[in-house]
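Everything on this sheet refers to the single structure shown next.
The values are calculated or read from the model by the stated rules, or taken from the named source; none is laboratory data. Remember, it's a predicted structure, so these values are computed and weren't measured experimentally. Note: ideal-geometry Cβ built from the backbone for every residue, glycine included; neighbour counts use all protein chains shown. Surface areas here come from the heavy atoms of the whole protein model, side chains and all, with no ligands, DNA or RNA. Shrake-Rupley method; radii C 1.70, N 1.55, O 1.52, S 1.80 Å.
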Amino acid sequence: MKIPSTIQKIMALAKKEARDILQNRIYLLVVLVQVFIIIGAVGLVAVAAVASDPALLDQVGVTSALNIGLPQNLEGSSLSKYLEEEKITLNYYNSTDEAKIALGKKLVAVVDLSSSGEVVVQVDTSNVFYPVVSTKISDAVDKFNTEKTLKNAGLNESQVNIIQNPVNFQEIKINQDNQVPLALDSPYFVEVIYGFIVPFILLLPFFLASNIVTDSVVGEKERKTFEVLLMTPLSSYMVIIGKIIPILFFSLIQSIAWIAVLDLLRVPIFNPALLILVLFFMGLAFIGVGILISMLVDSTKEANSAITLVLVFATFILFIPLFVKSEIFQGVFNFIPTVLMVKLAVSPNIRPEIMLYLLPTLIISFLIFVGTVRSFRHERAIRL
């Protein structure tokens, strides 16, 4: 089947633009930087999740490095027993004053009993493991105080153990064949990864795409090559379509690649087809904004400044709702693209209302793109 000449011309220009993009070392460097951003972001969240979760620290064996100091007279006491159960390394000193010298260096905390029998804890709050150590010490102290209260009430050791451990909880896992593996079984990790990192990573290429559009058009204006391009048998409409095809294609390829990378990092992304559809239309919107800016400025410096302001504003609109919990604005937040992306990415089940919430994003993005392309066409692409 013979390809229409119009499509042939557009594809020829698209190939030329694709070669220019691939030969641009800065663009390739930015793509490489995105890989490090993704791996670094996931890694930082994983470290933060482990550092803030006592159970995860126990699993990876890091708690053996958590050192707290106690005076020698507490060795073998019930308090030291409960602290050991929390998998904290106990270091005994001749006195509390001697232990305090190592606080902030070797020790994360110093624990002692006051003359009235109250537990006194001093913690180095600058230590990265301060929240975990504080939680573990608090749990141990609660058990110690409970034991002391029960014994003062006349209960013996056996009765105290029964009260403190009334139920032996055993978790029986079923349907494990369908279990989706995660990098970490941590609520904090899951919340941050899916609630911010995933939409940020998937939209990153399209933030870059709007910048490439302005550079492609305004750069040619500065180099005086746009005049030559307009003299070819191509309408301004065909010119802009030919320019944006490779940009949109490369952005989608990057987003698909990042989904694959996240999967390799054991962060599964559900409903990838719908996510790509949303990204496609959002890519049209970002590219449309880039076209609009290209018509309004005369230099790449002005274009870069303008697109930076637009992206800052877009970042605020797209990502602030991910961190705001408000019943008042929840009805509005349901239509925010990033919120919808999170809902699509976290569960294989798609609720019917999500499809309804998606429509405004798809329609508005398409209208932005069509509107700017038509304006470009009518303006005959600018003041040369």
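A few comments on the model shown:
This table checks each residue for (1) out of contact with any helix residue (DSSP H, G or I) (no Cβ under 8 Å at 6 or more places or on another chain); (2) of a type in the set (Gly, Ala, Ser).
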{"site": "Asn271", "(1), (2)": "no, no"}
{"site": "Leu279", "(1), (2)": "no, no"}
{"site": "Val312", "(1), (2)": "yes, no"}
{"site": "Phe329", "(1), (2)": "no, no"}
{"site": "Ala345", "(1), (2)": "no, yes"}
{"site": "Leu358", "(1), (2)": "no, no"}
{"site": "Ile363", "(1), (2)": "yes, no"}
{"site": "Ile368", "(1), (2)": "no, no"}
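Residue-wise test of (1) open to solvent by 60 Å² or more (accessible area, probe 1.4 Å); (2) part of a helix (DSSP H, G or I); (3) in contact (Cβ under 8 Å) with a residue 40 or more places away in the chain; (4) among the hydroxyl-bearing types (Ser, Thr, Tyr).
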| site | (1), (2), (3), (4) |
| --- | --- |
| Leu292 | yes, yes, yes, no |
| Ala303 | no, yes, yes, no |
| Ile307 | no, yes, yes, no |
| Leu318 | no, yes, yes, no |
| Ile328 | yes, no, no, no |
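- Conditions (1) buried (at least 16 other Cβ atoms within 10 Å of the Cβ); (2) in a loop (DSSP other than H, G, I, E, B): number failed by Ser80: (2)
- Options Asp112, Asp139, Asp97: the member that is in a strand (DSSP E or B) and of a type in the set (Asp, Glu): Asp112
- Any pair with Cβ under 7 angstrom, 6 or more apart, that starts in the range 144-160 at a residue that is closer than 19 Å to Ser80 by Cα and in a helix (DSSP H, G or I) and ends at one that is basic (Lys, Arg) and open to solvent by 80 Å² or more (accessible area, probe 1.4 Å): Val160/Lys151
- For Asp298: the one exception among (1) within 25 Å of the chain's Cα centre (by Cα); (2) not in a helix (DSSP H, G or I): (1)
- One residue stands out among those in the range 262-276 that are in a helix (DSSP H, G or I) and in contact (Cβ under 8 Å) with a residue 40 or more places away in the chain: the one that is farthest from Thr361 (Cα to Cα), which is Leu262.
- In the range 197-246, of all residues being at pLDDT 80 or above and of a type in the set (Phe, Trp, Tyr), the one that is surrounded by the most Cβ atoms within 10 Å (Cβ to Cβ) corresponds to Phe206.
- Scanning the range 99-108 for residues that are closer than 17 Å to Gln72 by Cβ and among the small types (Gly, Ala, Ser), we see that the one that is least open to solvent (accessible area, probe 1.4 Å) is Ala99.
- Single residue of Ser116, Ser95 found to be of a type in the set (Gly, Ala, Ser), open to solvent by 40 Å² or more (accessible area, probe 1.4 Å) and modelled with pLDDT of 85 or more: Ser95
- Considering each residue of the range 113-134 in turn, at least one proves to be free of Cβ contacts under 8 Å to residues at least 12 places away in the same chain and under 32 Å from the mean Cα position of the chain (by Cα).
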